[in-house]
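Throughout, read-outs are computed from the coordinates displayed, never taken from laboratory work. What you are looking at is a predicted structure, and each value in this text was computed from that prediction instead of being measured. Positions of Cβ are generated from backbone atoms using ideal geometry, with glycine treated the same way; all protein chains shown enter the neighbour counts.
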Amino acid sequence: MIILFTDFGSSDPYLGQVKAVLQHGAPRTPVVDALNDAPAFEIESAAHLLAALAPYYPRGSVFLAVIDPGVGGPRDAVVMEADGRRFVGPDNGLLSVLWRRAKYRRCRRIAWRPASLSSSFHGRDLFAPVAAALARGRVPAGWLAAPRAPRVLLDAADLAQVIYVDHYGNAMTGLRAAYVALGARLRAGGRVLARAQTFSVLRRGAAFWYENSLGLVEIAANRASAARKLGLRVGSRVAVSRR
């Protein structure tokens, strides 16, 4: 299975081109869209979001993970294995939260380059062929260099900011709920929010925080956009308080 995690957008032409390459290189392998509207250019937020999403996909999956504002520049291209899943993408920090949190990990630089390589679309020309080769279990000799650690490593500690806003206006944070006390309050958008179990226990429009389905602290409002009510966007800071 190949899992797509990108900021290519669902309505632009880029995603279809990548899927065409995957279909050609691994025609019998299912391709699943995890997220193609990851926050554009936001490597740190995407790194925490990818780390939260990845465990919900089967071991053996190959992730094509591309948030790559430095495409065409000096950053490396890598294949990383973390706890039984493989990730193909840029060595720009995107895979580093997974790397730091993994119990088993290995990383190799992609040495291969195609005959035709666009300076702005490595997702199609470089990463997709490598992901397809991994998925079909036949990576040509010389494509991957000797193991080494990623060069760009972000802090893997929980991130106290909004990392994604969905179309409902719910704002995911980079805080793992398991490490936040049940009675804690969350400061966000100039408000102090209490925890609730789910939407329906509160009056319509009321804002709160809860543990979402990925195990992250999420800010929401019952049948309303919390992002609009509180002025939240990707990068907005939050803080945990006991009062």
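If you put +1 on each Lys and Arg Cβ and -1 on each Asp and Glu Cβ, how big is the dipole of the chain around its Cα centre, in Debye rounded to 20?
Working: 33 positive and 17 negative charges, 146 e Å.
Using Cβ point charges on Lys, Arg, Asp and Glu, the chain gives about 700 debye.
Which one of 34, 4, 199 is farthest out on the positive end of the charge dipole of the chain, using unit charges on Cβ (Lys, Arg +1; Asp, Glu -1) and the Cα centre as origin?
Selected residue: 199.
So for the chain, considering every pair of alpha-carbon atoms, how many percent are separated by more than 32 Å? Working shown, then result.
Details: 7366 of 29403 pairs.
Result: 25 percent of Cα pairs exceed 32 Å.
What relative contact order, as a whole-number percentage, does the chain give when Cα pairs under 8 Å and 6 or more residues apart are counted?
On the way: 518 pairs, mean separation 42.0, N = 243.
About 17 percent, as a whole number.
Give the order of 24, 48 when sorted by the count of other beta carbons within 10 angstrom, beginning with the fewest. Can you show the working numbers first?
Values: 24 11, 48 26.
The fewest-first ordering by Cβ neighbours comes to 24, 48.
Quick one: order 103, 19 by neighbouring beta-carbon count within 10 Å, fewest to most. Write down the numbers at each step before the final one.
Working: 103 7, 19 17.
Starting with the residue having the fewest Cβ neighbours, the order is 103, 19.
Could you identify which residue out of 84, 231, 189 has the top mean-square fluctuation in a GNM of the chain using Cα springs shorter than 10 Å?
Greatest mean-square fluctuation among the candidates belongs to 231.
How do 79, 21 rank when sorted from fewest to most other Cβ atoms within 10 Å of their own Cβ? Show your work: numbers first, answer last.
On the way: 79 25, 21 18.
Lowest to highest Cβ neighbour count: 21, 79.
What residue among 139, 63, 216 has its Cα farthest toward the positive end of the dipole of the chain, where the charges are +1 on Lys, Arg and -1 on Asp, Glu, each on the Cβ?
It is 216, whose Cα lies furthest towards the positive end.
Roughly how many debye, to the nearest 20, is the charge dipole of the stretch 40-114 about its Cα centre, given +1 on each Lys and Arg Cβ, -1 on each Asp and Glu Cβ, and no other charges?
Details: 12 positive and 7 negative charges, 87 e Å.
In total the dipole reaches around 420 debye.
What order do you get for 39-45, 171-177 when each peptide is scored by the mean count of other beta carbon atoms within 10 Å, highest first? If you can, show how the numbers build up before the last one.
Details: 39-45: 18.1, 171-177: 23.4.
Sorting 39-45, 171-177 by mean packing, highest first, produces 171-177, 39-45.
Percent antiparallel among DSSP beta bridges with both residues in the stretch 5-161, to the nearest 5? Let's see the in-between values first.
Numbers: 13 of 19 bridges.
DSSP beta bridges in the stretch 5-161 are roughly 70 percent antiparallel.
Can you pull a Stokes-Einstein diffusion coefficient for the stretch 159-241 at 10 °C (1.306 mPa s), Rh from Kirkwood over Cα pairs, as a whole number of µm²/s? Kindly include the intermediate steps, with their values, before the conclusion.
Values: Rh = 12.1 Å.
Estimated via Stokes-Einstein, D reaches 131 µm²/s.
Would you calculate, for the chain, the mean residue ellipticity at 222 nm contributed by helices, counting each DSSP H stretch of 4 or more residues as -39,500 (n - 2.57) and dividing by all residues, to the nearest 500?
Numbers: 5 runs with 43 residues, N = 243.
Calculated at 222 nm, the ellipticity per residue is -5000 deg cm²/dmol.
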